[in-house]
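The values are calculated or read from the model by the stated rules, or taken from the named source; none is laboratory data. In this text, all values refer to a predicted model and were calculated from it rather than measured experimentally. Glycine also receives a Cβ, built like all others from the backbone with ideal geometry; neighbour counts cover every protein chain displayed. Surface accessibility is based on the protein's heavy atoms, side chains included, excluding ligands, DNA and RNA. Shrake-Rupley method; radii C 1.70, N 1.55, O 1.52, S 1.80 Å.
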Amino acid sequence: MASPPSQALALDRDLAHTEFDGSFSVEWLHQLRFTREAMADDNSVLEQLLPDSDDQLRILAVVDSGLAENRPELPDSITSWCKRHDDRVTLAAKPLIITGGEQAKNGWDSYETTAQAIASAGICRRSLVLIFGGGAVLDAAGFAAATAHRGVKVIRFPSTTLAQGDAGIGVKNAINAFGMKNFLGSFSPPLAVINDTQLLTSLDDTHWRGGLSEAIKVAALKNPELLQLIEDEADVLRQRDDKSLDAMERVMVESARLHMDHIVAGGDAFETQHARPLDLGHWAAHRLEARSDWTLSHGDAVAIGLGIDLTYATMIGRLEAQAADRVLKCLIKVGFSLQSPWLDDPDELMQGIEEFREHLGGQLTIPLISSLGTPDQVHEIDSAVMKAAIEAIRQGKTPSAG
Ligand SMILES: NC(=O)c1ccc[n+]([C@@H]2O[C@H](COP(=O)([O-])OP(=O)(O)OC[C@H]3O[C@@H](n4cnc5c(N)ncnc54)[C@H](O)[C@@H]3O)[C@@H](O)[C@H]2O)c1
Ligand SMILES: [Zn+2]
């Protein structure tokens, strides 16, 4: 190991072969809060998370267009919040509305619009960008914020179930480029994440259930009690009546807790290893989303991907069929369909396995489970068996039936 740099002149060394190593680490407090009506008069969650500043903190708010359409009052409530807290903050520009959904990540438009707004609003590294939206807007606007001035502070307000229970809690962002999902992006932890569950009530059914496939995934991997909770609440979750938000909130809190635990205690927050243990069902999900030209949502695709991977795990004898059946039934009970026209070409779909390896680099590692709550992984895939698993899902067969 090379020596650390010292104060002394290095004249006695062989300068052509000098090596200096030094290590440093950065302590990061990952802050996640659940609340309802974050912009309301009596809600102090955001205020408590504001970074200390001698001057007024300049704020730029970015809002998902789908969210703004369903909640036209939101931009004004952000403006009012800033006015009420004008001893600490100043709104540097009108809230910026950017295209919601995967379109935000396809191409440079949303990235550029956000970066441009950061520049013209005079947002610097001591300022704050608030991003309200689904996972796609968090990713695209987050990438712009992470690269403007080499990184400005962000507080995320995830507004879909997928974003509140999973995507919004992560420490990364990305846009799709050169035909590849999430090809350009960065690891860049937000200052805080505020899950305002009230925002979830205006979601369409697809994005309402979207976060449930990730919750069922993390339950299968880490916590069968969460699976039990989702099974018990499945009807309430699907019906969307006045009890559904309470039920969804319970599931979101647990799903978020498990995802957060993975980031802060899993030992690989910046994914330097070959494995991505939480990506159960994801190689197929990513490929299905791309094949459908992103008409299939991530949540719906993850449900199908889980079906394929758990069926495969039972076919190769690493998982009991009853355990896989239970997960698949739970997915269907909360409203997912595991059958899809995009399953018509197993060979084409299986190219997703190589893409999955390439995205991480190095050795192929596909996460599976060996029982409910016990993660497992394989480094090789038996193509014939995987094709059979895809075919079984396409035909609507449960693992124990096939
Ligand atoms: N960065 C990460 O760690 C990470 C992890 C997982 C997924 N993701 C990404 O997240 C994206 C998917 O995110 P998503 O599932 O949140 O969907 P989304 O962001 O695509 O949003 C779905 C739709 O809902 C609308 N919308 C958002 N909030 C709303 C609300 N409260 N009411 C009504 N409409 C609303 C949006 O405008 C959009 O039309 C994918 O691009 C995926 O790659 C990122
Ligand atoms: Zn996912």
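Report, in cubic angstrom per residue, the convex hull volume of the C-alpha atoms of the chain.
166
Which value, in debye to the nearest 20, gives the size of the charge dipole of the chain about its Cα centre, when Lys and Arg are +1 and Asp and Glu are -1 at the Cβ?
240
Of 384, 294, 226, which is farthest towards the positive pole of the chain's charge dipole, taken about the Cα centre with +1 and -1 on the beta-carbons of Lys, Arg and Asp, Glu respectively?
Towards the positive end, the residue furthest out is 294.
Mind running the shape call on region 18-104? Use the C-alpha gyration tensor, a ≥ b ≥ c as the square roots of the eigenvalues: rounded below 1.5 for a/c, prolate if a/b tops b/c, oblate otherwise.
prolate
Could you tell me the relative contact order of region 264-402? Use alpha-carbon pairs under 8 Å, at least six residues apart, and round to a whole percent.
Computed value for region 264-402: 32 percent relative contact order.
What is the count of Lys pairs in region 205-401 whose alpha carbons sit under 26 Å apart, if the two are 8 or more places apart or on different chains?
For region 205-401, qualifying lysine pairs total 15.
Determine the shape class of region 125-237: with a ≥ b ≥ c the square roots of the Cα gyration tensor eigenvalues, call it rounded for a/c under 1.5, and otherwise prolate if a/b is greater than b/c, oblate otherwise.
prolate
Based on alpha-carbon centroids, what's the gap between region 254-306 and region 162-199 in Å, whole number please?
12
Hey, what's region 130-271 come to in accessible area per residue, 1.4 Å probe, Å²?
About 34 Å² of surface per residue is accessible.
Name the residue from 128, 236, 328 whose Cα lies farthest towards the positive end of the charge dipole of the chain, charges +1 on Cβ of Lys and Arg and -1 on Cβ of Asp and Glu.
128
Note down the relative contact order for the chain as a percent, whole number, built from C-alpha pairs under 8 angstrom at least six residues apart.
13
Where the accessible area of the chain is counted over protein heavy atoms with a 1.4 Å probe, how much of it, in %, is carbon and sulfur?
Accessible surface attributable to carbon and sulfur in the chain totals 49 percent.
Counting Lys and Arg as +1 and Asp and Glu as -1, what is the net charge of the other residues whose Cβ lies under 12 Å from the Cβ of residue 51?
Combined, the nearby Lys, Arg, Asp and Glu give +1.
For region 205-294, rounded, prolate or oblate, judged on the Cα gyration tensor with a ≥ b ≥ c (square roots of eigenvalues), a/c < 1.5 rounded, else prolate if a/b > b/c?
Working: a/c = 2.39, a/b = 1.33, b/c = 1.80.
Here region 205-294 falls in the oblate category.
Just to confirm, what accessible area per residue do you get for region 57-121 at 1.4 Å probe, in whole Å²?
Details: 3110 Å² over 65 residues.
Computed with neighbouring chains in place, this is 48 Å² per residue.
Return the aspartates and glutamates within reach of residue 172: Cα separation strictly under 12 angstrom, same-chain partners fewer than 8 residues apart disregarded; answer none if there are no such residues.
Partners found: 139, 271.
What does the highest-first list of 24-35, 379-390 look like by mean Cβ count within 10 Å?
Listed from highest to lowest mean packing, they are 379-390, 24-35.
Rounded to the nearest 5, what is the percent of antiparallel bridges among the DSSP beta bridges in region 107-255?
Of the beta bridges lying entirely in region 107-255, close to 40 percent run antiparallel.
Just to confirm the filter: which chymotrypsin sites (Phe, Trp or Tyr not before Pro) across region 180-286 are DSSP coil and have at most 14 other Cβ within 10 angstrom of their Cβ?
The qualifying sites are 270.
Under a straight-distance cross-link criterion of Cα-Cα below 19 Å, which lysines are reachable from residue 83, leaving out those fewer than 8 residues away in the same chain?
The qualifying lysines are 94.
What does the helix-only formula give at 222 nm for the chain: each DSSP H stretch with n ≥ 4 adding -39500 (n - 2.57), the total divided by the residues, and the result rounded to the nearest 500 deg cm²/dmol? Can you show the working numbers first?
Details: 15 runs with 175 residues, N = 402.
Calculated from helices alone, the mean residue ellipticity at 222 nm is -13500 deg cm²/dmol.
In the chain, which helices (entire DSSP H runs) extend 30 Å or more along their own long axis, judged by Cα positions, while averaging at least -0.5 on the Kyte-Doolittle scale?
Length and hydropathy pass: 244-265.
Round to the nearest 10 and report in Å² the accessible area of residue 333, as given by a 1.4 Å probe over the protein chains' heavy atoms.
Roughly 90 Å² of residue 333 is accessible to a 1.4 Å probe.
Could the peptides 297-309, 89-101 be put in order, highest first, of the mean number of other beta-carbon atoms found within 10 Å of their residues?
Taking the mean over residues of other Cβ atoms within 10 Å, the ranking is 297-309, 89-101.
Please list, ordered by chain and number, the residues whose modelled amide H lies under 5 Å from the amide H of residue 89; skip anything fewer than 5 residues away on the same chain.
57
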